[in-house]
Amino acid sequence: MQDDEEEYNEIGTEPIHLCEPQITDQDNSLEAVANENELSQKLLKFLEKEGEERRNFYVTSVENTGGKNFKAVLDFSTKRSDGKNISITFENGIYTFAFK
């Protein structure tokens, strides 16, 4: 080994930084009820925690549940093999994400 080469003793220890979530909202229904920047950041944390690499979504439904609260469903642009999508609930300032 040459002196200027770095030595690595483990494989795959560097974190992979994937892009921000890209949400296609054709009729702006999600934009009307959600802060998209905040939603994107919370969604990114959820995806990273779950080990999900896909970052492209489209809005399939949005339901206003009163006040600033809402429920939404995002589907993956590239479908998951198990057919699951992401359910988002926003109540009292707290986002809840789940695969359904």
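The values are calculated or read from the model by the stated rules, or taken from the named source; none is laboratory data. Keep in mind that what you see is a predicted model, and the values were worked out from it rather than measured. Glycine gets a Cβ as well: all are built from the backbone with ideal geometry, and neighbour counts include every protein chain shown.
Among the residues making up the stretch 61-100, a single one is basic (K, R) and part of a strand (DSSP E or B): K71. Of the listed requirements (1) at pLDDT below 95; (2) more than 19 Å from D27 (Cα to Cα), K68 misses just one: (2). The number of residues in the stretch 61-74 being charged (D, E, K, R) and surrounded by 16 or more Cβ atoms within 10 Å (Cβ to Cβ) comes to 1.
So in the stretch 75-90, with the set limited to residues that are closer than 16 Å to E50 by Cα and of a type in the set (V, I, T), which one is surrounded by the most Cβ atoms within 10 Å (Cβ to Cβ)? Only one residue fits best here, namely I86. Please work out which residue is nearest to the chain's Cα centre (by Cα), limiting yourself to the stretch 33-63 and to residues that are polar (S, T, N, Q) and over 20 Å from F99 (Cα atoms). Once the filter is applied, the top-ranked residue is N37. Could you tell me whether L30 is surrounded by 12 or more Cβ atoms within 10 Å (Cβ to Cβ), part of a helix (DSSP H, G or I), over 9 Å from the mean Cα position of the chain (by Cα) and modelled with pLDDT of 90 or more? So L30 fits the description; yes. Across the stretch 64-100, the qualifying residues are those that are touching a residue at least 40 places away in the same chain (Cβ under 8 Å) and not hydrophobic (A, V, I, L, M, F, W, C), and the one among them that is nearest to S40 (Cα to Cα) is Y95.
Residue-wise test of (1) of a type in the set (D, E); (2) outside any loop (DSSP other than H, G, I, E, B); (3) buried (at least 16 other Cβ atoms within 10 Å of the Cβ); (4) out of contact with any helix residue (DSSP H, G or I) (no Cβ under 6 Å at 6 or more places or on another chain).
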{"position": "Q26", "(1), (2), (3), (4)": "no, no, no, yes"}
{"position": "N37", "(1), (2), (3), (4)": "no, yes, no, yes"}
{"position": "L43", "(1), (2), (3), (4)": "no, yes, yes, yes"}
{"position": "V59", "(1), (2), (3), (4)": "no, yes, yes, no"}
